[in-house]
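Since the structure comes first, as structure tokens, the remarks are kept for the end.
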Amino acid sequence: VQLQASGGGLVQAGASLRLSCAGSGRTSSMYAVGWFRQAPGKGREFVAAIASSGTSTLYADSVKDRFTISRDNAKNTVYLQMNSLKPEDAAVYYCGASYAVVAHANTRLYQYWGQGTQVTVSS
């Protein structure tokens, strides 16, 4: 499975962005997908995850009620809608795919990673 993350950019605080994670391969829809982020000098932080079926999701407390993860398995794509962005949301955002089909936040159980997309939020 290969993943391609896109949709990052420079926005002002309060704005919205939608990130996309496109998977290649006809089996990519069988994986749970998670979004993680990494700011300079910090470790990779869990943001949100969605089960392979799309029926369950999981969010970090810091983004709950602002971010929404969804997937379109027909397009092999997972989305992260980010609303009310804050300067502390600025980071490189990565998507990962996991054999564990349920939504989860365990970085070590994600086997495949995209290249990352930069999100910058100005105050």
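Readers should treat all values here as calculations from the given coordinates under stated rules, not as data from a laboratory. Everything numeric here is computed off the predicted structure, so don't read it as measured data. Backbone-built Cβ (ideal geometry, glycine too); neighbour counts: all protein chains shown.
Restricting to DSSP loop positions (anything but H, G, I, E, B) with no more than 13 other Cβ atoms inside 10 Å of their own Cβ, which trypsin sites (Lys or Arg not before Pro) remain in region 1-63?
Numbers: sites: Arg18, Arg26, Arg37, Lys42, Arg44; in loops: Arg26, Lys42, Arg44.
Within region 1-63, the qualifying trypsin sites (Lys or Arg not before Pro) (loop, at most 13 other Cβ atoms within 10 Å) are Arg26, Lys42.
Taking θ as phi - 60°, what are the ³J(HN,Hα) couplings along region 6-17 by the Karplus curve (6.51, -1.76, 1.60), each to the nearest whole Hz, with x for Gly and Pro?
Residue by residue, region 6-17 yields 8, x, x, x, 9, 9, 8, 4, x, 7, 10, 9 Hz.
Antiparallel versus total DSSP beta bridges in the chain: what percent is that, nearest 5? Walk me through the numbers on the way to the answer.
Details: 37 of 41 bridges.
Within the chain, antiparallel bridges account for around 90 percent of the total.
If you take the charge dipole of the chain about its Cα centre, with +1 on Lys and Arg Cβ and -1 on Asp and Glu Cβ, which of Ala13, Thr117, Val101 is farthest toward its positive end?
Working it through, the farthest residue towards the positive pole turns out to be Val101.
With a sphere of radius 15 Å drawn around the Cβ of Gly7, what net charge do the other residues whose Cβ falls strictly inside it have (Lys, Arg +1; Asp, Glu -1)? Don't skip to the end; give the middle numbers.
Numbers: positive: Arg18, Arg37, Arg71, Lys75; negative: Asp72, Asp89.
Residues close to Gly7 contribute a combined charge of +2.
About the Cα centre, and with charges only on the beta carbon of Lys, Arg (+1) and Asp, Glu (-1), how big is the dipole of the chain? Nearest 20 debye, please.
That gives the chain a dipole magnitude of about 180 debye.
Under 27 Å from the Cα of Lys86, which lysines turn up, not counting those fewer than eight places away in the same chain?
Straight-distance partners of Lys86: Lys42, Lys64.
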